[in-house]
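To start, the structure itself, in structure tokens.
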Amino acid sequence: MQFLSGGNQQKVVLAKWLATDARVLIFDEPTRGIDVEAKASIHERIRELARAGAAVLMISSELPEVIGMSDRILVMYAGKLVEIAPKQELLSTPNHPYTEALLMAVPKVGRRAGTRVVTAGEPPDLLALPTGCVFNPRCPYAQDVCREEVPTLRQVDGGRFVSCHLAENLHLRGV
């Protein structure tokens, strides 16, 4: 397999797993480092599997890929789930400040200059997480409760969950 391109290597690995007729598939960065044509081919195959009834979980650090491939999005920060929502709800009204920052970081045609949210600071050391909410050192909305208490992941409506003390009081921007 060492003589194959990155995209063809990904396709071979995918084909091996598909031969098992699995009903639950977890893809971790399935298109990282491959060309656009190979990426489109892999995306189409994953869509076919989902249409055929397979449960598909895709883990990707490429937000445009997540948006394009998902029905439901789970957002994690520092190893913690911070928001779970159907894609359209998450895109139109994020409930967590980190989700807002992620969405505002995606370039968008027609977006005014200066509307991007810049998240200050550095991601936390995973071996020495901050007290309270793990995002509080970088959160522009953080208050004392955020620095003192760990928020729980709670249902805020229908199929939506958020881990933020201030979720009901924030009016975050969608994309």
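All of the numbers you see were taken from the coordinates with simple rules; none came from a lab. Values in this document were obtained by computation on a predicted structure and should not be read as measured data. As a convention, Cβ positions derive from the backbone with ideal geometry for all residues, glycine included, and neighbour counts pool all protein chains shown.
Assign one of three labels to the range 71-175, namely rounded, prolate or oblate, based on the Cα gyration tensor with a ≥ b ≥ c the square roots of its eigenvalues; rounded applies when a/c is under 1.5, prolate when it is not and a/b is larger than b/c, and oblate otherwise.
Details: a/c = 1.73, a/b = 1.23, b/c = 1.41.
Oblate, because a/c is 1.5 or more while a/b does not exceed b/c.
Would you mind computing, in nm to one decimal, how far apart the modelled labels at Ala22 and Thr131 are, each placed 7 Å from Cα along Cα→Cβ?
4.2
Please name which of Asn169, Gln155, Ile73 has its Cα lying farthest along the dipole of the range 71-175 towards the positive end, using unit charges on Cβ (Lys, Arg +1; Asp, Glu -1) and the Cα centre as origin.
Working it through, the farthest residue towards the positive pole turns out to be Ile73.
Could you compute the FRET efficiency for Ala40 and Ser92, with r as their C-beta to C-beta distance and R0 at 35 Å, rounded to 0.05?
On the way: r = 26 Å, r/R0 = 0.75.
For R0 = 35 Å, the calculated efficiency reads 0.85.
Any lysines with Cα under 20 Å of the Lys108 Cα? List them, leaving off those in the same chain fewer than 8 positions away.
Lys87
Tell me, what is a quarter of the convex hull surface for the C-alpha atoms of the chain, in nm² with one decimal? Let's see the in-between values first.
Working: hull surface 50.3 nm².
Average projection, Cα convex hull of the chain: 12.6 nm².
Quick one: which residues, 5+ away or cross-chain, put their amide H under 5 Å from the amide H of Leu25? H built at 1.01 Å from N.
Ala55, Val56, Leu57
Return His43, His165 ranked ascending by Cβ neighbour count within 10 Å, so the fewest neighbours appear first.
Details: His43 16, His165 22.
Lowest count first: His43, His165.
Could you list Glu83, Glu100 in order of exposure, starting from the residue whose Cβ has the fewest other Cβ atoms within 10 Å? Don't skip to the end; give the middle numbers.
Numbers: Glu83 26, Glu100 23.
Going from least to most buried by this count: Glu100, Glu83.
Let me know the charge dipole size of the chain about its Cα centre in debye, to the nearest 20, where only the beta-carbon of Lys, Arg (+1) and Asp, Glu (-1) is charged. Before the final figure, lay out each step's value.
Details: 20 positive and 20 negative charges, 86 e Å.
I would put it at about 420 debye.
Amide H neighbours of Val156 under 5 Å, counting only residues 5+ apart in sequence or on other chains, H built in-plane at 1.01 Å?
Residues meeting the amide H criterion: Phe161, Val162.
By counting other Cβ atoms within 10 Å of each Cβ, how are Tyr141, Tyr98 ranked from fewest to most?
Details: Tyr141 15, Tyr98 24.
So the ranking, lowest neighbour count to highest, is Tyr141, Tyr98.
So which lysines pass the test for Lys11, namely a Cα distance under 17 Å, with those fewer than 8 places away in the same chain ruled out?
Lys39
Is the shape of the range 1-70 rounded, prolate or oblate, going by the alpha carbon gyration tensor and its root eigenvalues a ≥ b ≥ c, with a/c under 1.5 for rounded and a/b larger than b/c for prolate? Write down the numbers at each step before the final one.
Details: a/c = 1.88, a/b = 1.14, b/c = 1.65.
Judged from the Cα gyration tensor, the range 1-70 comes out oblate (a/c at least 1.5, b/c at or above a/b).
Name the residues of the range 52-86 whose amide N is less than 16 Å from a point 7 angstrom out from the Cα of Ala105 along the C-beta direction?
Answer for this model: 60-67, 74-83.
Using θ = phi - 60° and the Karplus form 6.51 cos²θ - 1.76 cosθ + 1.60, what ³J(HN,Hα) does each residue of the range 38-51 get, whole Hz, x for Gly and Pro?
5, 4, 4, 5, 5, 4, 5, 5, 5, 4, 4, 4, 5, 4
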